[in-house]
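Heads up, the thing below is written out as structure tokens.
Nothing in this text is a laboratory measurement; each read-out follows from the coordinates by a stated rule. All values derive from a computational prediction rather than experimental measurement. Don't worry about glycine lacking a Cβ; one is built from the backbone with ideal geometry, like all the others, and counts go over all protein chains shown.
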Amino acid sequence: MADGRLTAGALAALVGGELTGDPEMPVAGVASLEEAGPGDVSFLASAGYVPQLQASRAGAVLLPPRFRDVPGGPLTRIVVGDPRLAVAQALRALTPEPSPEWGVHPTARIGRGTRWEGRIAVAAGAVLGEVVRLGRDCRVGSGAVIGDRTVLGDGCRVDAQTVIAPDTVLGNRVVLRPGARVGQEGFAWAGSGAERRRVPHRGACQLDDDVEIGANATVDRGSLGRTVLGAGTKLDNLVHVAHNVRIGARCLILAQVGIAGTTTIGDDVMIGGQAGLAGQLRVGDRAQLAAQSGVIGDIPAGATVSGYPARDHRAVLRQSAALARLAPLVSTLERLVDTHADSD
Amino acid sequence: MADGRLTAGALAALVGGELTGDPEMPVAGVASLEEAGPGDVSFLASAGYVPQLQASRAGAVLLPPRFRDVPGGPLTRIVVGDPRLAVAQALRALTPEPSPEWGVHPTARIGRGTRWEGRIAVAAGAVLGEVVRLGRDCRVGSGAVIGDRTVLGDGCRVDAQTVIAPDTVLGNRVVLRPGARVGQEGFAWAGSGAERRRVPHRGACQLDDDVEIGANATVDRGSLGRTVLGAGTKLDNLVHVAHNVRIGARCLILAQVGIAGTTTIGDDVMIGGQAGLAGQLRVGDRAQLAAQSGVIGDIPAGATVSGYPARDHRAVLRQSAALARLAPLVSTLERLVDTHADSD
Amino acid sequence: MADGRLTAGALAALVGGELTGDPEMPVAGVASLEEAGPGDVSFLASAGYVPQLQASRAGAVLLPPRFRDVPGGPLTRIVVGDPRLAVAQALRALTPEPSPEWGVHPTARIGRGTRWEGRIAVAAGAVLGEVVRLGRDCRVGSGAVIGDRTVLGDGCRVDAQTVIAPDTVLGNRVVLRPGARVGQEGFAWAGSGAERRRVPHRGACQLDDDVEIGANATVDRGSLGRTVLGAGTKLDNLVHVAHNVRIGARCLILAQVGIAGTTTIGDDVMIGGQAGLAGQLRVGDRAQLAAQSGVIGDIPAGATVSGYPARDHRAVLRQSAALARLAPLVSTLERLVDTHADSD
């Protein structure tokens, strides 16, 4: 496994799957059904790809129980509950991530009083402020800027050209993708017109264990008190999280979502791409917000909402279907109304 | 005040408020009602937080006249017209912004002919082009890039990893948050298909006094003539302003708004998050555009619009309410129409 | 022409137009109708600007045949099929782009085994990884980061503070504007809850000839297989393209559009600003997607769609018009339904 090679049998053991076919089949790579060759393992996750399975040259294939006996295609099959999870495991085993260059590049700048445990990888041109604390095995990309007094746990990865403002608190294994901005002042103003003044932002930003922030996403610091993202919450690219937002654990927030100030979101919430949430709302645990929905009121736990203003998704669908039936009747209904008015 | 400490009496004088309770109460910090301790001042701005006031341990509280006599909670109260403005003033007095490190970091690059007045703070790795002019007390963050011939007024703050293209003109006290991009070529094409060519962008970008640009926001330069943002206009994170847009003074433009090319916006306009404006439109002074609205026609001064296509907000609400009442009637209306057709 | 000066006659020849008026009129600049002076050429592209033409002080004007004989305004006129294309040509001739400073700035970092052909311009603080290959005449801006093994064709322009991940493949004349992020890991997860794991992204990102990526736009790498943008496709600012998306040739994708994972888009597709596309869809050649549309199903070739869920634009307009007529009738229709119910 160190050399990125497995047998089909070893792979089945690794992913906890049930093998049919040749356990000695060598597997050196992972590829899509179309691109896989005899040395690759591929996967089938949905019925739409059965024709590609049947035409695939893959040496082995990961698939769920319902596709176990699909005729045609690779005979060496590994039956697993979740093929995507198994693919992720296979990729990690077969194409391990390249090890970073440990050490501090001579062009990186490290401020006074900044310390880390064990090893660290700081790339060219990175700038660490003063009294920054980093755990073990942190990686800081080229040009990344980490502000004074910021704290990072173990195994954090701060990619190229990210900016982390002073006083930010990161847990373990936090990942910031290129261009992510964390902890800058939010958009809050007092007064109006020419007398408008920026509200100072003295609160910080806290990203708990295993939080990931997408490329060019922005998370503002709190004005008073912290902006907080709970453990395991993942933000896709270009997401905006305003000051004093509190997001629970294990949320998935897709690209270009915007969350306005002081809104509170529970655990295990899913927010589809380009959805927007107004400020000072509460979204309960396990709520699902559809892509492009516009949330302007509280959302109860477990609800699935869509549309603008966002409300129960099934109700939205019912109303849309009803209005689609009504629209073609408009002329007749207008005549009916006229007749009715005449007879009044 | 130099040491960040005030009495409640001194704070009341500072914010122009009326004190009830102990004028000698020492105040050293500002915190939310939940987080404040006996040495902190807090604030109450809306009725929803009265229970938090009543449970608060804050030493003093800023509140508007209507909450002056709310029973329970801190007895030392400062009555002010606008508690948020007073909080901003208190924060500035009690937790002053740290002074920047004045001077030019040895790793910063300063082009030929670039000059500034008085003092300047240029952080590690910043790159100033040739013949750049800066006023007094400007601050340039790590990795920021300022193009040739760009002009900055006094007191500008150009945060880490911003890019300002050549020939940009910034007034006084302009702020660019991390990752803001100002003055790059816009998205304008001539011809079509394989013959499509980029329209050269020779115009510049002008940000007047007190303009602020949010993190990762983008403001394109003009093709011919300038893109202009008027004095006091504020852009939130991830806003997009296309080439040759002209925005008036004191507008507030929330996160992820997009404004297409050559659109003209008046003074004191508010645009909610994720709203989009098509190109070549005119939006009058004091117009209010709701979050997520899609503007595809001119908007008169003072109008409040929402929806797609954006139109008068009250009309949108009326139509939505009417359609919500109609939807459940669809089956009956279909039967009526059938009957009516039969009897025709 | 080397000194950026032309006569009206020479300009007419350059743009393939027909001249009326003085062929010896000197032309030194290009400006809008309002801003042009006697030494400038301007242009008229739409009827709304005829009054500006009539008041213009421009020395010459480019216009299409239908405005050839508009009375008033500049008498030296060059009649062309596409005035915008002619303006672009005039701008290129009269205000040529400044030549970059060829060479590698001493503060740039070039990794082992990285090579280029002919000349190159690498600005201060740029970081090129190992075994990067660049063609002729490539320009790399300040702070740009190019990952290991990435390949660039001839004439590429990688602006300041862009990040290109390892193993990316760029064709000729590819342009990345400031802050563009290309090739980072996508947003794909396997498992759920606390067992959620990132799907490794081992595929790459491929940008074909003449692709341009807007400021702060993001294009994720593939998980298995590549994310591909076809020749001549242009992305505006803040666009998001997820992992394994395939976009054809010559598409125009406006600001803040989001395209979810594995969606496939044909050639010559136009996508309006802030539109969103769900994952795993197919959009046919020449389709037009209106601004802010929400695409959740396949779109056939040549279709014009709008709204959420996006469908035929004319059908959307028809239904909107019908519902706008129905809404005011709601009370009468409710009474009709009541009467009908009573008489049942």
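Descending by average beta-carbon neighbour count within 10 Å, the peptides A:137-147, A:87-97 line up as A:137-147, A:87-97, the highest first. Who wins for biggest fluctuation among A:P328, A:P106, A:P166 in a Gaussian network model of chain A, springs between alpha carbons below 10 Å? Of A:P328, A:P106, A:P166, the most mobile in the Gaussian network model is A:P328. Summing +1 for each Lys or Arg and -1 for each Asp or Glu among the other residues whose beta-carbon sits under 13 angstrom from that of B:A324 gives +2.
Peptides A:49-62, A:211-224 ordered by packing proxy, namely the average of other Cβ atoms within 10 Å per residue, highest first: A:211-224, A:49-62. Between the residues A:F67, A:G302, B:H240, the greatest Cα displacement towards the positive end of the dipole of the protein assembly as shown, with unit charges on the Cβ of Lys, Arg, Asp and Glu, is found for B:H240.
For B:M25, nonlocal amide neighbours, meaning residues 5 or more places apart or on other chains whose placed amide H falls under 5 Å from its own, are B:A8, B:G9.
Can you tell me the dipole magnitude for chain B around its Cα centre, using point charges on the Cβ only (Lys, Arg +1; Asp, Glu -1), in Debye to the nearest 20? Don't jump to the answer; show the numbers that get you there.
Values: 35 positive and 35 negative charges, 176 e Å.
My answer is approximately 840 debye.
Legend: mean number of C-beta atoms from other chains within 10 angstrom of residue C-beta atoms, peptide B:240-251, equals 2.
Work out the mean other chain Cβ neighbour count within 10 Å for the residues of A:15-25 and drop it here as an integer. Mind showing how you got there, number by number?
On the way: counts 0, 0, 0, 0, 0, 0, 0, 0, 0, 0, 0.
Mean shielding count: 0.
Let me know the shape class of the protein assembly as shown, please: from the alpha-carbon gyration tensor, a ≥ b ≥ c as square roots of the eigenvalues, rounded when a/c is under 1.5, otherwise prolate if a/b is greater than b/c, or oblate.
In terms of gyration-tensor shape, rounded.
Taken about its Cα centre, the protein assembly as shown carries a charge dipole of roughly 1480 debye when the Cβ of each Lys and Arg holds +1 and the Cβ of each Asp and Glu holds -1.
Over chain C, Cα pairs under 8 Å with separation of 6+ residues give a relative contact order of 6 percent.
The same position C:G118 in the other copies lies at 4.9, 4.9 nm from this copy, comparing label points 7 Å beyond Cα toward the beta-carbon, shortest first.
How big is the antiparallel share of DSSP beta bridges in the protein assembly as shown, given as a percent to the nearest 5? Counting DSSP beta bridges with both partners in the protein assembly as shown, the antiparallel share is about 10 percent. Placing a label point 7 Å from Cα along the Cα-to-Cβ direction at B:V131 gives distances to the equivalent points in the other copies of 4.5, 4.5 nm, listed shortest first. Between A:G111, A:G48, A:G232, which gets the highest mean-square fluctuation from a Gaussian network model of chain A, Cα cutoff 10 Å? Looking only at A:G111, A:G48, A:G232, the largest GNM fluctuation is found for A:G48.
Take every Cα pair under 8 Å in region A:1-136 that's 6+ residues apart, average their separations, divide by the length, and report that relative contact order as a whole percent.
On the way: 283 pairs, mean separation 26.7, N = 136.
Relative contact order here is 20 percent.
When the square roots of the Cα gyration tensor eigenvalues are ordered a ≥ b ≥ c, the ratio a/c for chain A is 1.5 or more and a/b does not exceed b/c, which makes its shape oblate. Let a ≥ b ≥ c be the square roots of the eigenvalues of the Cα gyration tensor of region A:6-94; is it rounded (a/c under 1.5), or, if not, prolate (a/b larger than b/c) or oblate? Here region A:6-94 falls in the rounded category. Partner shielding of C:172-184 amounts to 5, given as the average count of beta-carbon atoms from other chains within 10 Å of each residue beta-carbon.
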